[in-house]
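One structure is given here, and the rest of the page talks about it.
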Amino acid sequence: MMDYTGLPYIVESMRLADIKEVMEIERASFPTPWSARAYHYELTENELSHYFVVRQRPSQESQPRLLNRVRRSLGGGTKPPILGYGGFWVVAGEAHISTIAVHPNWRRRGIGELLLVAMLDRAIELGAEIATLEVRVSNIVAQNLYRKYSFEQVGLRRRYYSDRGEDALIMTTERLTSITFQSRFQRLKQALCEKL
């Protein structure tokens, strides 16, 4: 797994106590948000699921006003607020990325990419052979991030998103342990560390 010690962010496993903050980001990010009950199920009953949150490292609060505003909007707390989260399931050798979201005030800073890298790292540790996901056809920003990490479109799910009847692209990586994937993945991780 990636060494996050030198980064301004902490990536850690999502806990039940995180659900309230996760739901704030969920509602701000998706037209049809998951429920708190769904996250509770994922964390307590779904043995196939792996969920993570990202927080700013406390000693490096480079933007305290923005951080304090986010903390206040999420009800305070002793830990730095959650800036983003993501999760995946491992089923039959496949890591299926179920969600990635970043607080609106913290987007376009590499946090979504950091979550993707953390999930791919963990999926590889768990022995997943490939990673797959669905993404809205209109979400070009997310598609570009996924393509950067070797996800390719392999199919289309018509009217997958019930809120607008929008189609979803099915995107999948090549073998996560292949030389070509690993070479690119390690190079991109290094570049992300330098950027953050």
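Rule-based calculations on the coordinates, nothing more; no lab input. All figures in this text were calculated on a predicted structure; none of them were measured in a lab. Glycine also receives a Cβ, built like all others from the backbone with ideal geometry; neighbour counts cover every protein chain displayed.
What the pair-distance distribution of the chain shows, using all Cα-Cα distances binned every 10 Å from zero, is 8, 35, 39, 16, 1 percent.
If you rank Phe151, Phe185 by fewest surrounding Cβ atoms within 10 Å, what's the result?
Phe185, Phe151
Pairs of Cα atoms nearer than 8 Å and 6+ residues apart set the relative contact order; for the chain it is 18 percent. Give the residues of segment 18-33 whose amide nitrogen is closer than 17 Å to a point set 7 Å from the Cα of Thr44 in the direction of its Cβ. Label zone hits: 18-23.
Here's the list of lysines a cross-link from Lys148 could span, going by alpha-carbon distance under 20 Å and ignoring same-chain residues fewer than 8 apart: Lys189, Lys195. Remark: segment 125-196 is approximated by an ellipsoid whose semi-axes, taken from the C-alpha gyration tensor as √(5λ), come to 26, 15, 9 Å, largest first.
By the combined test of axial Cα extent (at least 20 Å) and Kyte-Doolittle hydropathy (mean at least 1.0), the qualifying DSSP H helices of the chain come to 111-125. Take the Cβ atoms of Cys193 and Leu126, set R0 to 35 Å, and the FRET efficiency comes out at 0.95.
Where only DSSP H runs of four or more residues are counted, the chain gives -11000 deg cm²/dmol as its mean residue ellipticity at 222 nm, each run worth -39500 (n - 2.57).
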